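Quick note: the coordinates plus some simple rules give every number you see, no bench work behind them. What you see is a predicted model, and the numbers here were worked out from it, not measured in a lab. For neighbour counting, all protein chains shown are included, and Cβ atoms are generated from backbone atoms with ideal geometry for every residue, glycine included.
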Amino acid sequence: MQGLDIITRLARLPGFAALRRWRYRCRRAAATRPLSRNFGWERGTPVDRLYIEQFLATNASDIAGRVLEVGDDSYSRKYGGKNVQRQDILHVNPDAPSATIVGDLCDPAVLPTGAFDCILITQTLHLLWDLREGMRQLHRALAPGGKLLLTVPGISPVDPYEWNDSWYWSLNGISVERLLAEHFDVSNRQVNVRGNLYAATAFLHGAVLEELNLATMGETDPVYPVVICARAIKASPTA
């Protein structure tokens, strides 16, 4: 116990930043209260955004033509830019100021058939009770050759605020693969699991990217999926 007291006193002294970080990590491992209950948004950049934005940056060339994004058009503008010829925004809330299409994604009357060259649906599919119907409607709304860029949460806190009453699922690579397989050929779909124990633990605590070792975030361990990313292409009809 005396040794622990010495470490505690030393950690308070100037010049012992590394010791303070070590002490913080030990305390976090046993903490029962998170640093944030809002994914870390009020503290900085949430952990899952690293994987989502890396995925979208890698596939930025897909974000072109007639584009649909769920919620807002921030990622379409950031990664598609001038390649987006027409932008639509789907939102379930009729009061959403930027929505061009309002309604439940699972409702067949909401999305037009074959209308989009690219659909971005980030961190949304888990809010649908009927995942299979949601995937069916996304596939239907794509034009032949259209691309679906999808991300879903794996290990994650549950939103205690706006989406608390509709946060139905957390997924893994196998579940996303099976959902896609009902509509997209194996040659037209790729599923990528991102995350590891370090990233998952940090995310659960509400830590943010600005205070983490980003190099450690890059190693993938599928046992600890933080974000599942998927790219799928709707087959064109054969001649």
Once the convex hull of the alpha carbons of the chain is built, what does its volume come to per residue, in cubic angstrom?
149
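Between Val102 and Leu35, what's the calculated FRET efficiency when r is the beta-carbon distance and R0 is 41 Å? Round to 0.05.
With R0 = 41 Å, the Cβ-Cβ based efficiency is 0.70.
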Can you list the aspartates and glutamates whose alpha carbon is less than 14 Å from that of Lys82, not counting same-chain residues fewer than 8 positions off?
Asp62, Asp73
Mind checking which lysines have their C-alpha under 19 Å from Lys234, skipping anything on the same chain fewer than 8 residues away?
Lys147
Placing one equal point scatterer on each C-alpha of region 48-121 and summing with Debye, one gets log10 I(q)/I(0) at q = 0.25 Å⁻¹ equal to -1.15
Find the relative contact order for the chain and round it to a whole percent, using C-alpha pairs within less than 8 Å whose residues are 6+ positions apart.
22
Between Gly146 and residues 5 or more places away or on another chain, the pairs with built amide H atoms under 5 Å apart involve Lys234
Would you calculate the separation in nanometres between label points at Ala235 and Asp72, each defined as 7 Å from the Cα along the Cα-to-beta-carbon direction?
3.9
Calc'd 3J(HN,Hα), region 227-232, phi into Karplus 6.51 cos²θ - 1.76 cosθ + 1.60 (θ = phi - 60°), Hz, glycine/Pro = x, comes to 9, 10, 10, 9, 10, 9
What's the longest uninterrupted piece of the chain once you rule out the GluC sites (Glu not before Pro) that are loop residues per DSSP with at most 14 other Cβ within 10 Å?
43-161
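Which FRET efficiency value, to the nearest 0.05, do you get for Glu133 and Glu219 by plugging their Cβ-Cβ distance into 1/(1 + (r/R0)^6) with R0 = 45 Å?
After rounding to 0.05, the efficiency reads 0.80.
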In nm, to one decimal, how far is the modelled label at Asn93 from the one at Ile174, with both set 7 Å along Cα→Cβ?
3.6
Distance from the Cα centre of region 118-139 to that of region 62-96, in angstrom?
15
Assuming R0 = 25 Å, what is the FRET efficiency of Ala109 and Gln190, from their Cβ-Cβ distance, to the nearest 0.05?
0.25
Ranked output for segments 122-131, 146-155 by mean other Cβ atoms within 10 Å, highest leading, reads 146-155, 122-131
